[in-house]
1. Once you place label points 7 Å from the Cα toward the Cβ at residue 126 and residue 185, how far apart are they in nm?
2. Say the cut-off is 25 Å between C-alpha atoms; which of 249/288; 78/121; 158/288; 76/288 go over it?
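Just so it is clear, none of the values below were taken in a lab; they were calculated from the coordinates. The shown structure was predicted, so the numbers you read here are calculated from the model rather than taken from an experiment. Note that we place each Cβ from the backbone using ideal geometry, even for glycine, and neighbour counts take in every protein chain shown.
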Amino acid sequence: MKKKGLFIISLLLIFIQISAQKVQFSQFYAAPLVLSPSYTGMTTGSRVVINYRDQWPSIPGTFTTYAASYDQYFPKMKSGIGLLVVRDQAGSGNLNLTDIGLLYSYDITLNRYWHVRPGIKFEYGQRGVDFEKLVFGDQLNIDAAPSTSSLEGKPLTKVGYIDVDASVVAYSSQYWVGFSAEQLLRPNQSFYEYDSRLSIKYVLHGGYKMPIHRKRMKSKHEAESVTFSMLYQNEDMHDQLDLGAYWHKVPFTLGLWFRGIPVIGRQTGYESIDAVIVLVGYEIYDLKFGYSYDYTLSKLIGITGGSHEISLIYEFNKNLELKRKNRQVTIPCPNF
């Protein structure tokens with residue numbers, strides 16, 4: 001029964017991955033270019049970000065996700081330019097997704113307190129699968145080893161597509177709110193000759209950074225704050241709401257999140273809470289490190305093994321003059 005259960009769960013994971021193409025990180029602010037094109041160049045220099053996620057490791061053939069990005073801010077053009085590569089792999093059939101994106105953002109100063117930053121992402125993606133490693137229903141035989149499957153037609157093993165994402169972020173020194181629309185071209189990613197186009201995905205995020213003991217601060221390294229944040233996502237008829245908070249005091253960051261609280265009236269029959277996420281971050285000079293663990297709260301509790309996630313952020317070539325000039329309007333969202 002245990003092997004049968006794992007087999008069924010593995011199949012469900014594959015179908016979930018097919019219908020939900022975009023990858024997701026628990027440390028979404030530590031994967032800024034994945035979250036929104038508007039975060040491109042949201043520094044005073046250059047930035048390299050590396051992310052790794054191992055989701056549900058106790059179940060065979062589940063999700064492993066890698067992301068790497070580079071972005072740069074050009075003050076004379078008030079623009080940020082970036083490159084993002086994402087690789088996602090799931091299932092015993094090596095169902096995989098590779099996305100390469102070119103991103104651009106432009107900074108608009110509304111006044112001395114508020115900035116608005118529109119962004120756009122042009123993306124080429126490729127989805128692949130190894131059908132030889134999959135076991136289908138017509139191959140199963142109680143008294144013998146699996147036979148060769150009689151697939152109807154010859155499916156493709158790779159599908160390429162082009163897509164576009166658009167976004168905007170408004171921010172001050174303590175507040176921020178962002179919105180993005182992804183998969184605007186609704187690419188068809190079917191391995192057969194079917195029309196299986198993706199739905200447009202909408203993302204809304206924002207938060208508030210509350211300084212602590214500001215009047216007592218003598219230097220940056222004494223700065224302490226608590227940040228409250230949310231992330232809402234909608235694709236087709238599926239909703240997800242993440243709520244959490246971070247405590248930060250250089251060089252440490254601690255975070256606690258709840259994921260998967262559905263909006264009332266949607267997702268009838270789905271679990272009300274998917275996971276609780278605990279995060280620890282540490283920074284040394286220009287290098288920031290984050291680790292988080294997702295503890296499953298749904299009916300799969302005790303089976304999945306949770307999820308592990310690691311992020312590295314390195315900032316360099318900083319423009320100190322620009323940093324001093326814009327110190328009051330640096331976006332307040334946390335790095336993790």
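1. Simple spin-label model gives 1.6 nm for this pair.
2. 158/288; 76/288
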